[in-house]
Every structure is written in C-alpha cells, then in structure tokens.
Amino acid sequence: MAEVIGAEHMFIEQTFVFPATTRRTTTSLPLTFLDLPFAGPKYVKRQFFYRFPHQTNHFYQTTLPSLKHSLSLTLQHFFPLLGNLHCPPPPQKPFILCTQNDALTLTVIESSGDFNNLSTNHHPKSLKDFSHLVPKLTQKIDLEDNDTLIFSLMALQVSFFPNHGLCISITYCHVMDDYFCNYFMKSWSFIHKKGKLVDMKSLPCFDRQVLRDPKDLEQVLLKGYFEQRKMWKNIILAESQTIEKEHQDYVKTTISFTKEEIEGMKNWILKKWKTTYHDIQAPKFLSKFVVTCGFVWATMVKTKNRNNDDAGDEKDEYFCFVGDCRDRLGYPIPEGYFGNCLTLCFVAVKRKDVKGEYGFLNVVKAIQNAITEMKNDPLKDAEKWDDMFKKVFMSGNHLLVSGSPNFNVYETNFEFGNPIKVDMMMHSSKDMSLAESGDKEGGLEVGLIFKTEELEQFYSFMEQGLKALKF
C-alpha cells in the first residue's frame with residue numbers, strides 16, 4: 001500500500017534488485033591506502049532530472065520494469081557494490097563484504113511537487129524540497145561483533161512526477177570516487193538504452209593490487225582512520241536530527257557561469273598577474289576550474305566577513321579539493337578501477353589577502369600553485385593529510401569542493417534524452433559542487449548553500465565582481 005511521505009510525495013515501493021546472474025560468491029575487498037581518508041559515514045548524493053511527459057500507466061507498466069531489468073543486467077559487472085563496508089575496531093582494518101544474498105535497494109516514490117521548479121537554476125530552493133528525492137543508506141552498529149560499524153555502499157531512487165519528469169538519484173559511500181560513480185551511471189544508462197546486456201568498452205576493475213604504496217602511507221593513513229572512527233558512532237546517532245535542523249534554515253542555489261564570463265575571468269587574471277607579480281611568470285594556461293573556483297571562493301569570503309572588522313584578517317581561509325591521480329602515478333590505472341584514486345589538496349590564503357582589491361587574483365595564484373604541485377607529486381605530504389583535515393575543519397574558515405566539469409554528467413542518457421538538470425545534495429554552507437553547464441556550452445554550474453539572509457549579499461558581491469572584470 002502506498003504511503004504518504006510529506007505533503008507532496010507518496011512512497012510506492014522499496015525493492016531489492018539482484019544481479020541477473022546467479023553465479024556469485026562471497027567477496028571480501030580490503031580498502032586501499034587511498035580509500036582510508038574517505039571511509040565511514042561520508043556520502044555523496046547526486047540527482048539526475050529528466051523530462052518525462054508520460055502518464056502513470058506508462059511509467060509503472062513500461063519504464064519502471066525496464067529500469068529494474070537494465071539495473072539487474074548492469075549489476076552483473078558491479079557485484080561488490082551490493083555489499084557493505086565493515087569497520088571493525090582497531091587494530092583490524094576496514095573491508096568491503098558482499099555475499100550471495102546481498103542486493104541493491106531501489107526506492108520508488110511518486111511526487112506531486114513542482115518538477116519544473118526543482119529542475120531549473122532560476123532561483124534558490126529550500127533543502128527540504130530535495131530531502132525526499134535522494135535514497136538513504138543503512139548504517140548500523142553490530143553489537144555482537146565488537147561494535148563493528150557497518151555501512152551500505154550504494155542505494156538508488158526513482159522519483160516519478162506524472163506527466164512531467166523523472167528524478168533518478170544515487171547515494172553512495174565514498175569508498176568509490178566520483179569518477180567510478182559516473183562510470184557506473186553511464187554503464188547503467190547505456191545498457192538501458194540498448195535494452196539488453198551489451199559488450200562494454202571497459203569492465204570495472206576490483207583488483208586491490210592496482211595501487212602501489214612505495215612510501216608505506218597505509219600505516220600513517222590508517223592511524224588517522226582509527227582516530228576518525230572514534231566519532232562515527234555519535235555521528236550515526238545524531239546525523240538525522242542534525243540534517244533535519246539544517247534543512248530548516250538553508251537554501252541551495254545553482255549559479256551558471258557562461259563560457260564568455262569564464263574567458264573574461266581568465267583574461268583579467270592574466271592581465272593583472274603581469275602587472276602585479278613582476279618577478280613571477282604568468283601561467284601559460286588557466287583552467288575553468290581554477291578561475292571559477294577562485295572567483296566563487298573570494299566572493300564567499302567577502303560575503304561571510306562583510307560585517308567583521310579587521311581583527312580576524314590575519315586568519316587563514318582554506319580552499320579544499322581533490323585531484324584525480326589516475327594519470328599521475330607513473331603507472332597505468334584501469335579506466336574502470338573501483339575505489340578512490342584521489343589526492344587531497346589544501347590551499348591557505350590570509351583573509352586580508354582574499355578580501356582586498358586583488359583577492360580574486362591572490363586566490364587564483366594560490367590554487368594554481370597547489371595544482372602545479374599536485375601534478376608534479378600527487379602524494380606529496382600525504383602523511384600530513386589527517387593533521388591538515390583537523391586544522392582546516394577546526395578553523396571553520398573553509399570551502400570544500402566536490403564534483404568536476406570533466407565527468408560530463410549531462411551525457412547520462414537512459415532513453416529520455418540527456419538530463420535537464422544534474423545536482424549534488426549538500427548539507428553545509430562550507431560545501432561547493434561543480435559540474436559542466438547543462439545548457440551553455442563551455443560553461444560551468446556551481447552549487448552553493450547559504451543561510452537565507454546571506455544569499456542576497458552573495459549575489460550582490462558576485463555582481464559587483466563580474467562588473468569589475470568588465471565583461
């Protein structure tokens with residue numbers, strides 16, 4: 001029987017989708033040293049909105065069975081994603097366990113909400129509007145197994161808006177990175193379009209020996225993992241209340257920067273660089289990532305410190321992002337490698353140097369330097385990652401970026417055409433999401449969260465900044 005969840009959503013079903021093949025064996029996968037910083041209750045939530053002007057009968061009789069069937073076919077290649085992350089107490093290491101009885105949870109809801117409102121970037125939206133459109137992962141404490149903490153790896157949800165659209169959402173544990181999630185979603189959509197199991201260009205690779213650890217970083221990162229694990233039990237117990245409270249006070253906005261605006265940013269930076277840093281050669285190339293992130297970071301700092309005096313100007317402001325290591329480790333990594341192949345990057349700039357006239361230039365220079373260092377030595381200072389995490393997050397003065405314009409998420413085409421909106425669900429005003437623009441070639445979409453009263457101030461600072469760059 002259907003259950004009402006909120007004023008606009010009706011729960012239809014929650015099913016367990018098994019891989020089409022029955023030839024499965026229990027599989028245990030250890031985490032690699034690059035998985036350890038991301039292990040535990042650290043989730044990524046992504047939503048794909050599609051135009052779907054069909055009635056209820058068509059969805060339930062044709063589309064939903066087809067989605068389930070293609071998902072079952074796809075899971076034959078992704079069997080370990082059905083399992084759970086097990087985090088036993090020290091000194092035991094975390095591992096992924098997948099058994100013959102494991103299946104993927106697929107939730108289906110029907111919504112009378114405003115699909116057009118949810119799937120556009122024209123105005124900010126309350127976080128409450130999205131909370132029922134993403135699946136939840138199970139997490140539990142196994143009291144019979146020495147308080148082992150257990151986290152499911154992935155869940156999916158299909159939200160149907162009759163005569164308007166579909167929202168296909170994925171929530172996954174960060175034992176895999178965004179690159180692999182994108183690979184999974186593209187595989188599922190490709191098989192769904194074909195209507196049958198097809199030969200894939202590349203198969204997922206679950207080999208734990210792919211990554212090499214010549215510096216023995218596992219021992220250092222394992223120590224940081226055990227320190228983090230001490231807090232997870234309280235996080236599990238408090239998470240739902242915390243998120244619900246935050247939903248009341250925050251709004252999500254998506255800002256689209258055009259190709260012309262981004263090129264204008266690059267030109268302004270290069271011009272000012274040459275006249276400001278006389279003894280430092282200007283870079284030959286600036287990426288969209290560098291200038292867009294720099295512009296947003298500088299604007300955020302000005303917004304949050306608009307009423308402050310100069311007393312805190314000597315404090316550091318931090319910008320945090322991850323870099324893809326797949327082509328930078330000196331040996332080949334398979335395209336379908338399962339796990340995290342990421343390096344952590346931290347950028348620090350004095351607040352006074354961000355707020356000032358050349359704040360945009362200063363932060364771009366700092367981000368560019370961090371990327372150059374990362375490319376030269378991706379795992380440099382990896383033994384300090386845990387200490388940096390603590391320092392950055394205890395400061396409260398940081399912006400953390402997730403996503404990438406390189407994933408081409410708007411090419412995730414099932415059979416309904418390309419998505420009209422791809423979004424990441426976030427819960428903190430210290431988070432920022434990034435993706436290629438869905439409707440403006442060469443542009444970027446930036447997702448941000450604000451307290452309601454701060455949003456207009458941010459818009460004002462952003463408009464002032466864009467005018468100053470003389471587009």
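The values are calculated or read from the model by the stated rules, or taken from the named source; none is laboratory data. Note that this is a predicted model, so its numbers are computed, not measured. Reconstructed Cβ throughout: ideal geometry from the backbone, glycine too, with neighbour counts over all protein chains shown. Ligands, DNA and RNA are excluded from the accessible area calculation, which covers all protein heavy atoms including side chains. Shrake-Rupley method; radii C 1.70, N 1.55, O 1.52, S 1.80 Å.
The accessible area of residue 98, taken with all protein chains in place and a 1.4 Å probe, comes to roughly 0 Å².
Under 12 Å from a label point set 7 Å out along the Cα-to-Cβ vector of residue 148, the amide N atoms of segment 25-40 belong to 28-29. Taking 20 °C and 1.002 mPa s as conditions, segment 319-463 diffuses translationally at an estimated 122 µm²/s according to Stokes-Einstein applied to its Kirkwood radius (Cα pairs).
In this simple spin-label approximation, residue 267 and residue 193 carry label points 7 Å from Cα along the Cα→Cβ vector, and these lie 3.6 nm apart.
Counting only protein heavy atoms and using a 1.4 Å probe, what share of the accessible area of the chain belongs to carbon plus sulfur, as a whole percent? C and S atoms contribute 50 percent here.
Taking 0.36 nm per residue of separation and subtracting the current Cα-Cα distance, fully stretching the chain between residue 234 and residue 138 would add 33.0 nm. Bridging of residue 470 to aspartates and glutamates at a Cα separation below 12 Å is possible for 260, 261, 263, once same-chain residues fewer than 8 apart are set aside.
Let me check against my output: what whole-number percent is the relative contact order of the chain, with C-alpha pairs under 8 Å and at least 6 apart? Could the numbers behind the result be given before it?
Details: 829 pairs, mean separation 96.2, N = 471.
That works out to 20 percent.
Helix-only estimate, please: 222 nm mean residue ellipticity of the chain, summing -39500 (n - 2.57) across DSSP H runs of length 4 or more and dividing by its residues, to the nearest 500. Mind showing how you got there, number by number?
On the way: 11 runs with 150 residues, N = 471.
Roughly -10000 deg cm²/dmol at 222 nm, from the helical runs in the chain.
If R0 is 45 Å, the Cβ-Cβ spacing of residue 439 and residue 395 corresponds to a FRET efficiency of close to 0.75.
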